[in-house]
Structure formats: C-alpha cells, structure tokens
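Beneath this line is the structure, given in structure tokens, with notes to follow.
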Amino acid sequence: MEQQEQLDTLRQCYESYLEDCLQRQKDAGALNGLTRLLAGPSPHDRRAVDKFFQQVQAAVAALDRTDGQLAAQAAEYMLLTVEGLNDESRLALQAAEGLTLTFLELLAQEDAARILAGYTARYPKRRMLLPKQREVLAALEKAARG
C-alpha cells in the first residue's frame, strides 16, 4: 500500500468517527447534555468509540515501519491536526494518541522537535495529560533529542 493510501486510511477512521459523533449529537436533540449528565454515555456511544479505536489500531498497524516521513505525517495528523467535536470525541481522540507510540521512534530529529513543539502548545498544562499522553510526550522528547 502506498504512503498516501496508508494516510488516507488513517484519516478515514477519524473522519468516520467524527461524522458519527456529529450525527449522534443531532439525533439526540436538545436534551442530550442533560441525558448524558444523568445517565452517562449510551451503549451506542461506547460501541462507536470501541469501533473507532479498533479501526485506528488496524490503520496504525498497517503503516510502513520503515518510512520516517510517513511516521511524521501520521503523528502530526493524530497528535496535532484532528480535533474532537465535544468532550466525548476529544477524549477518544486523546486516547488514540497513545497508538503513535508504536512509530514515534521512526521520526527524524527535526520532525520530532516540530511535532513536540506543537504538542506542548496544544497541551500546555502537562499535569492534565492522560497517562498515554505523558508517554507520547516523553517519546517525542526522546526523539527530538536524537
């Protein structure tokens, strides 16, 4: 599979998930926030997150492990570009950031430094990071040092 196809597959996972989130938000209507507060996420929401995570895992597993440029583009997309629509989707996307750990060692030092700068700007309060995000930050720092 070509580099662009691999990236497109990865992006499609995110786009499909975010489209599904948007549709579920529209379908839930005006009382969605109150319902979530009282009952928590619906089983459909949990299944959507599980499906998203499985698809991203498969897309990441299919990435060429010898291509540093591909790794940089995938990491930049997963860590810096894609944004959630609400708290639920943002949390799912943040959890998926941990999947980059499998290829961050492929980054060139310059790419790692650039992505690290963007990541620390995106999450300035490091104490608020999820455990996997802390691992991502440490891996980016290590790769940026060379």
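The values are calculated or read from the model by the stated rules, or taken from the named source; none is laboratory data. Model, not experiment: these values are computed from the prediction. With ideal geometry, Cβ positions are generated from the backbone for all residues, glycine too; neighbour counts draw on all protein chains shown.
The residue pairs whose first member lies in segment 12-28 and is of a type in the set (A, V, I, L, M), whose second member is surrounded by fewer than 17 Cβ atoms within 10 Å (Cβ to Cβ) and assigned to a helix (DSSP H, G or I), and whose beta carbons are closer than 9 Å, counting only pairs six or more residues apart or on different chains, are Ala28/Thr35; Ala28/Arg36. The single condition from (1) in a helix (DSSP H, G or I); (2) surrounded by fewer than 21 Cβ atoms within 10 Å (Cβ to Cβ) that Pro124 fails is (1).
Could you check segment 114-136 and list, in sequence order, the residues that are of a type in the set (A, V, I, L, M, F, W, C) and over 18 Å from Leu70 (Cβ atoms)?
Leu116, Ala117, Ala121, Met128, Leu129, Leu130
Looking across Thr81, Thr66, one residue alone is within 19 Å of Leu10 (Cα to Cα), over 12 Å from the mean Cα position of the chain (by Cα) and exposed (fewer than 14 other Cβ atoms within 10 Å of the Cβ). It is Thr66. Restricting Ala48, Ala75, Ala59 to those that are farther than 15 Å from Thr9 by Cβ, among the small types (Gly, Ala, Ser) and at pLDDT 95 or above reduces the list to Ala75. Of the numbered criteria (1) modelled with pLDDT of 65 or more; (2) not in a loop (DSSP other than H, G, I, E, B), the one Asp64 fails is (2). Number of residues in segment 87-121 that are within 14 Å of the chain's Cα centre (by Cα) and either of a type in the set (D, E, K, R) or not in a helix (DSSP H, G or I) (or both) equals 5. In the set (1) assigned to a helix (DSSP H, G or I); (2) among the aliphatic types (A, V, I, L, M); (3) within 29 Å of Glu110 (Cα to Cα); (4) modelled with pLDDT under 95, Leu34 fails one condition alone, (3). Among the residues in segment 64-76, are any in contact (Cβ under 8 Å) with a residue 24 or more places away in the chain, of a type in the set (A, V, I, L, M), touching an Asp or Glu at 6+ places or on another chain (Cβ under 6 Å) and under 23 Å from Tyr17 (Cβ atoms)? The answer is yes, given that some residue of segment 64-76 is in contact (Cβ under 8 Å) with a residue 24 or more places away in the chain, of a type in the set (A, V, I, L, M), touching an Asp or Glu at 6+ places or on another chain (Cβ under 6 Å) and under 23 Å from Tyr17 (Cβ atoms).
For the criterion of being without any contact (Cβ under 8 Å) to a residue 60 or more places away in the chain, farther than 16 Å from Leu80 by Cβ, touching a helix residue (DSSP H, G or I) at 6+ places or on another chain (Cβ under 6 Å) and of a type outside the set (Gly, Ala, Ser), Leu116 fails.
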